[in-house]
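The values are calculated or read from the model by the stated rules, or taken from the named source; none is laboratory data. The shown structure was predicted, so the numbers you read here are calculated from the model rather than taken from an experiment. Glycine gets a Cβ as well: all are built from the backbone with ideal geometry, and neighbour counts include every protein chain shown.
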Amino acid sequence: MTDPIVTLIRQGIKANLDDAIDTCEVYDHFAPGDPIATYLWVYPDATDYTESAGTDARRFIVEAIASQTDPESAEDKLDSLMSNGDESVKKAIESDPTLGGIAVGIFVRSCTGYLFFERAGTNYLGVQWTVDVHAPNED
């Protein structure tokens with residue numbers, strides 16, 4: 001049995017992030033509740049089945065959750081991930097727009113800036129990117 005396209009896309013986004021950013025753990029399954037270090041988490045958000053020409057538009061979310069161990073360096077880390085520099089999440093995600101041949105195209109639509117995310121009853125500072133992926137439908 002082959003993996004569903006959502007699984008393949010999630011794994012492809014994770015691979016792009018892993019290849020480009022080696023200072024964060026990247027999860028494509030449920031992320032840990034109590035971060036010791038800043039991590040990235042990839043998960044599906046929504047699918048638009050009305051696309052034409054045999055493709056669906058799928059939206060994924062990438063979250064960066066910062067550790068509370070050192071709040072100042074956590075903010076610096078998030079700033080680095082939001083930048084256009086070497087640790088840019090946007091650049092990493094878009095580095096292989098076909099995700100190894102499974103997608104027609106991928107682009108980062110937006111980045112929120114700082115937000116608070118609750119994990120295991122504690123609020124953590126983080127950032128969220130919205131990623132659009134066009135991929136063949138599963139018909």
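Among the conditions (1) in contact (Cβ under 8 Å) with a residue 24 or more places away in the chain; (2) in a strand (DSSP E or B), residue 91 misses just one, which is (2). Scanning for something buried (at least 17 other Cβ atoms within 10 Å of the Cβ) and either in contact with a His (Cβ under 9 Å, 6 or more places away or on another chain) or closer than 15 Å to residue 6 by Cα (or both), does the range 110-119 turn up at least one residue? No, the range 110-119 contains no residue that is buried (at least 17 other Cβ atoms within 10 Å of the Cβ) and either in contact with a His (Cβ under 9 Å, 6 or more places away or on another chain) or closer than 15 Å to residue 6 by Cα (or both). Residue 96 - would you say it is part of a helix (DSSP H, G or I) and either in contact with a His (Cβ under 8 Å, 6 or more places away or on another chain) or charged (D, E, K, R) (or both)? It is false that residue 96 is part of a helix (DSSP H, G or I) and either in contact with a His (Cβ under 8 Å, 6 or more places away or on another chain) or charged (D, E, K, R) (or both). When the residues of the range 43-82 are filtered to those that are of a type in the set (Ser, Thr, Tyr) and assigned to a helix (DSSP H, G or I), the one that is nearest to residue 33 (Cα to Cα) is 73. One residue alone among 115, 99 is free of Cβ contacts under 8 Å to residues at least 60 places away in the same chain and hydrophobic (A, V, I, L, M, F, W, C), and that residue is 115. Kindly check whether there is at least one residue in the range 60-68 that is in contact with a Phe, Trp or Tyr (Cβ under 8 Å, 6 or more places away or on another chain), modelled with pLDDT of 90 or more and farther than 18 Å from residue 12 by Cβ. Checked against the condition, which is being in contact with a Phe, Trp or Tyr (Cβ under 8 Å, 6 or more places away or on another chain), modelled with pLDDT of 90 or more and farther than 18 Å from residue 12 by Cβ, the range 60-68 yields at least one hit. Does residue 34 satisfy the condition of being out of contact with any Pro (no Cβ under 8 Å at 6 or more places or on another chain) and at pLDDT 90 or above? So residue 34 fails the test.
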